[in-house]
Amino acid sequence: MFGFGQLIQILKKSPKKIVFTEGTDPRILEASSRLLASSFLSPILVGSESAILEAAEECGFNIRGAHIVDPEKYERMDEMIEMFCELRKSKGVTPEQARKVLSQANYFGTMLVKMGEADALLGGATYSTADTVRPALQLIKTKPENTIVSSCFILVRPSATGDNEVLAMGDCAINIKPTEDELVEIAMETAECAKIFGIDPKLAFLSYSTLGSGSGEDVDKMRNAAEKTKKRVPELPIEGELQFDAAVSPRVARTKCPESEVAGHANTFIFPDINAGNIGYKIAQRMGNFEAYGPILLGLNAPINDLSRGCNAAEVYSMAIITAALA
Ligand SMILES: CC(C)(COP(=O)(O)OP(=O)(O)OC[C@H]1O[C@@H](n2cnc3c(N)ncnc32)[C@H](O)[C@@H]1OP(=O)(O)O)[C@@H](O)C(=O)NCCC(=O)NCCS
């Protein structure tokens with residue numbers, strides 16, 4: 001069952017370095033001071049050293065020992081520019097353009113990961129999702145076996161007995177209108193991520209229809225994606241298309257699809273598009289008492305994740321551990 005203890009154990013065996021692109025943000029500074037008090041994850045703060053130290057002092061956080069990297073004074077900048085131009089050569093980027101782009105912390109931080117100076121990156125405390133994710137898409141790129149970068153959320157409902165309820169939901173944050181084949185990839189990646197968090201995945205491809213009760217091209221898309229995913233990973237329990245009530249309620253499942261082994265017990269949800277996914281995870285978070293961890297980016301060549309701009313320091317700390325443990 002999901003617990004930060006296991007992720008921290010992974011990091012203790014193999015300590016990592018994580019870049020925070022918003023080095024002066026009080027939430028980043030608070031999370032960094034917590035990380036610095038342990039020895040499993042070292043923060044690298046991007047920004048001007050004097051501004052970061054001043055902000056930390058003002059907020060009362062001890063960040064002694066933090067590695068601060070200022071893009072304006074970075075000693076490997078020429079090497080970084082050369083690598084950037086090589087990575088973006090299909091776009092005809094000039095060294096002057098590269099220098100300008102790399103003065104922005106989101107691009108600079110992503111290149112620190114690319115150059116091996118850091119293992120992971122967490123941004124988005126002030127940057128939008130698009131501005132955090134775009135440098136990763138352009139520079140880190142998808143793994144060779146993937147065609148897209150997607151994302152999932154891990155939702156945890158704490159229980160007094162310690163037997164937390166843990167669910168996975170994808171893709172609630174990146175692909176706006178995934179195709180049938182992209183949904184297959186999202187489902188397979190989300191299931192793999194679910195396993196890392198202790199979920200034994202039972203996948204529901206969600207729709208407004210249950211096994212043909214409704215019709216329309218979006219229904220066909222979810223049904224076809226479910227069928228294709230079953231063929232790709234026959235060992236996984238998969239059902240689709242399913243309405244959400246049929247997916248999670250054994251009583252409704254008995255009425256709507258009694259033959260299904262997934263219906264009524266699904267724990268890994270694949271949404272038809274980002275509207276449904278983003279609204280869906282937020283309903284679970286705001287009205288269902290689930291803690292939401294994510295979006296966890298899937299299919300990228302290195303672990304880079306995005307924070308919600310409404311996040312607090314505890315969420316930054318948790319996401320840093322999740323991100324680095326995935327490295
Ligand atoms: C992810 C997102 C930012 C990418 O859009 P974009 O910046 O307009 O991207 P572009 O189409 O300009 O593509 C930029 C690069 O990323 C690549 N790319 C875009 N989407 C990709 C994906 N899902 N997977 C892999 N690569 C992708 C493109 O191929 C392109 O590569 P290139 O520059 O080397 O040719 C966009 O899909 C988006 O805004 N998604 C929703 C984010 C959001 O608001 N979420 C809700 C809040 S959590």
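Can you name every residue in region 168-208 that is aromatic (Phe, Trp, Tyr) and more than 17 Å from the chain's Cα centre (by Cα)? Let's see the steps before the verdict.
Of region 168-208, the ones aromatic (Phe, Trp, Tyr) are 197, 205, 208.
Phe205, Tyr208, listed by residue number.
Yes/no per residue for (1) within 15 Å of the ligand (Cβ to nearest atom); (2) among the small types (Gly, Ala, Ser); (3) under 17 Å from Leu242 (Cβ atoms); (4) not assigned by TED's automatic domain parsing to the domain that holds Val156:
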{"position": "His265", "(1), (2), (3), (4)": "no, no, yes, no"}
{"position": "Asp273", "(1), (2), (3), (4)": "yes, no, yes, no"}
{"position": "Leu307", "(1), (2), (3), (4)": "yes, no, no, yes"}
{"position": "Val316", "(1), (2), (3), (4)": "no, no, no, yes"}
{"position": "Ile321", "(1), (2), (3), (4)": "no, no, no, yes"}
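State all residues of region 273-289 that are crowded, with 22+ Cβ neighbours inside 10 Å and not small (Gly, Ala, Ser); if no residue qualifies, say none. Can you show your working first?
Our first condition is that a residue be crowded, with 22+ Cβ neighbours inside 10 Å; within region 273-289, this holds for 277, 281.
Residue satisfying the conditions is Tyr281 alone.
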- Query: Taking region 192-213 as the search range and keeping residues that are touching a Ser or Thr at 6+ places or on another chain (Cβ under 6 Å) and not in a loop (DSSP other than H, G, I, E, B), which one is surrounded by the most Cβ atoms within 10 Å (Cβ to Cβ)?
  - Reply: Leu203
- Hey, can you tell me all the residues within region 276-327 that are free of Cβ contacts under 8 Å to residues at least 12 places away in the same chain and within 24 Å of Glu182 (Cα to Cα)? Ile279, Lys282
- Unmet requirement for Lys177, which otherwise passes all of (1) in contact with an Asp or Glu (Cβ under 8 Å, 6 or more places away or on another chain); (2) more than 12 Å from the ligand (Cβ to nearest atom): (2)
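Look at Pro295 and say whether it is of a type outside the set (Asp, Glu) and over 30 Å from Leu112 (Cα atoms).
Details: of a type outside the set (Asp, Glu): yes; over 30 Å from Leu112 (Cα atoms): no.
No: the conditions fail for Pro295.
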- Message: Between Leu183, Leu206, which is within 20 Å of Ser150 (Cα to Cα), within 16 Å of the ligand (Cβ to nearest atom) and of a type in the set (A, V, I, L, M, F, W, C)?
- Response: Leu183
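Considering every residue within region 106-122, establish whether at least one is assigned by TED's automatic domain parsing to the domain that holds Phe20, out of contact with any helix residue (DSSP H, G or I) (no Cβ under 7 Å at 6 or more places or on another chain) and within 15 Å of the ligand (Cβ to nearest atom). Talk me through it step by step, then tell me what you get.
Let us first name the residues in region 106-122 that are assigned by TED's automatic domain parsing to the domain that holds Phe20, namely 106-122.
Next, only the ones that are out of contact with any helix residue (DSSP H, G or I) (no Cβ under 7 Å at 6 or more places or on another chain) stay: 109, 112, 116-117.
This time we only want the ones that are within 15 Å of the ligand (Cβ to nearest atom), so: none.
No, there is no match, as no residue in region 106-122 is assigned by TED's automatic domain parsing to the domain that holds Phe20, out of contact with any helix residue (DSSP H, G or I) (no Cβ under 7 Å at 6 or more places or on another chain) and within 15 Å of the ligand (Cβ to nearest atom).
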- Of Gly294, Gly277, the only residue that is outside any strand (DSSP E or B) and within 13 Å of the ligand (Cβ to nearest atom) is Gly277
- Those residues that are in a loop (DSSP other than H, G, I, E, B), modelled with pLDDT of 95 or more and surrounded by 15 or more Cβ atoms within 10 Å (Cβ to Cβ), I need them from region 220-258; list them, please. Val233, Leu236, Pro237, Gln243, Ser249
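Only one of Ile283, Ile322 is in contact with a Phe, Trp or Tyr (Cβ under 7 Å, 6 or more places away or on another chain) and assigned to a helix (DSSP H, G or I). Can you tell me which?
Just one listed residue meets the conditions, Ile322.
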- Inspect all residues belonging to region 111-122 and state whether any of them is over 22 Å from Tyr281 (Cβ atoms), of a type in the set (D, E, K, R) and free of Cβ contacts under 8 Å to residues at least 24 places away in the same chain. no
- Test each condition in (1) within 13 Å of Leu298 (Cα to Cα); (2) within 14 Å of the ligand (Cβ to nearest atom); (3) touching a residue at least 12 places away in the same chain (Cβ under 8 Å) for Met188 and report the one that comes out false. (2)
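Every residue, every condition in (1) in contact with an Asp or Glu (Cβ under 7 Å, 6 or more places away or on another chain); (2) β-branched (Val, Ile, Thr); (3) over 30 Å from Ile199 (Cα atoms), yes or no:
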residue	(1), (2), (3)
Glu54	no, no, yes
Glu58	no, no, yes
Val69	no, yes, yes
Phe108	no, no, yes
Thr147	yes, yes, no
- Considering only strands (runs of 3 or more DSSP E) fully contained in region 1-92, which possess at least 1 residues that are within 30 Å of Asp200 (Cβ to Cβ)? 16-20, 41-46
- Message: Could you check region 27-86 and list, in sequence order, the residues that are out of contact with any helix residue (DSSP H, G or I) (no Cβ under 9 Å at 6 or more places or on another chain), over 25 Å from Leu102 (Cα atoms) and buried (at least 16 other Cβ atoms within 10 Å of the Cβ)?
- Response: Leu36
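Table: residues versus (1) in the same structural domain as Ala276 (by TED's automatic domain parsing); (2) surrounded by 19 or more Cβ atoms within 10 Å (Cβ to Cβ).
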position	(1), (2)
Thr126	no, no
Arg157	yes, no
Ala160	yes, no
Ala168	yes, yes
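The values are calculated or read from the model by the stated rules, or taken from the named source; none is laboratory data. Remember, it's a predicted structure, so these values are computed and weren't measured experimentally. Cβ: placed from backbone, ideal geometry, glycine included. Neighbour counts: every protein chain shown.
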